[in-house]
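The values are calculated or read from the model by the stated rules, or taken from the named source; none is laboratory data. The model shown is predicted, which means the values in this text are computed figures rather than measured ones. For neighbour counting, all protein chains shown are included, and Cβ atoms are generated from backbone atoms with ideal geometry for every residue, glycine included.
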Amino acid sequence: MSNGCNRLVGGTDGFAPSMTSGASVCKLGAGGVLTDSNDDRLTWLWAHFYADGEGVLTASSTPDATRELVAFERICAIGKYMGLRFTPWDGVTGPAHRQQLTSASFAADMATFSYLNPNYLFCSCTNLASISGPGNLLDVRPMRYMFSSCAFAMIDFWGFDSSTPADLFYTFSGCSKLTTIFADASWRFLRAGSRGLSASTRAPRRSWAATAPCGPEQDGIHVLPHRYGEHAGIYHSELADAGSMMI
C-alpha cells in the first residue's frame, strides 16, 4: 500500500509504514499513518545539505545564506523511519547522492528536541568521514543503523545523553575505519535492557566507549584520557572474526 512512501510518518508516535504495510495502518493514534489535525504530536527538524559536502541537522528551517545549498529536507524528529530515502542526501544520482556527504554536524539548537529517533540517518553514507555535535542531542531513543557503513575513524560523544537509547542495533555496522569512540565518565550504554552495538566484521580493531573508573586497565577496560582533558572508559576488542559485540 505504501511502497515508496519513504517520508511518510503519522499517528501519535511517528509511525512509518514499511513496504509491506497494509490497510491496518490507515488509522489514527499509535501505529497509524493518519495524523489528527487536532492532536498533532509530530515534531520536525531540518537537514540542510551544502555543496561543500556537509549536512547540518538543525531545528531551524533557514539555511546558511553564505553557503551554497544543494538540498534540504524536513525530517520528523520522532519518526520511526524504516529505511533510506528520507534525508536530503538520498538523491538517486548527482550532487544530492549520499556518497557526496563527507561531513555532518548537529547544531546546538538540536538540544531543543526532547525526543529523537535517528534510525538510518546516515546509513550507507560511505564517504561520511566527520561527525560533530552529538553532544547536542538529548533523549535519543533507537539508533538503528544510524551510522552504518560510514567512513569516520573517530566519533566523539562527549556530553551525549546516553541514558535513553535502548536500541543500538547495527548502529556502527560496516564502519570499517572506526577505531575510537570517545565518551565521558557518565556513559551508560551498559545499563540493563539496552540492545548491543553490532560491529563490522571487516574491522580488525575497535575502541568502544564505556562507563569505567578512571584508572589502570581492569576487567578488559583500558582507561584513556579524553581529548578534552577528561577521562573516558574505552573497550578494546579484537573483532576480526566476531559478528557483533554487546556492550
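Summary of values
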quantity	calculated
Selection count where residues are touching a Phe, Trp or Tyr at 6+ places or on another chain (Cβ under 7 Å) and buried (at least 19 other Cβ atoms within 10 Å of the Cβ), scope the range 81-91	3
Extreme residue, nearest to the chain's Cα centre (by Cα), among residues of the range 56-71 that are surrounded by fewer than 18 Cβ atoms within 10 Å (Cβ to Cβ) and hydrophobic (A, V, I, L, M, F, W, C)	ALA59
Qualifying position, being out of contact with any Gly (no Cβ under 6 Å at 6 or more places or on another chain) and at pLDDT 95 or above, among PHE122, PHE189, PHE182, PHE157	PHE122
Selected residue (only one of GLY55, GLY83, GLY91, GLY79 is more than 23 Å from THR171 (Cβ to Cβ) and either at pLDDT 95 or above or not β-branched (Val, Ile, Thr) (or both))	GLY91
Matching residues, the range 138-182, being among the hydroxyl-bearing types (Ser, Thr, Tyr) and in contact with an Asp or Glu (Cβ under 6 Å, 6 or more places away or on another chain)	THR164
Index of the failed condition, PHE122 passing every other in (1) outside any loop (DSSP other than H, G, I, E, B); (2) in contact with a Leu (Cβ under 6 Å, 6 or more places away or on another chain)	(1)
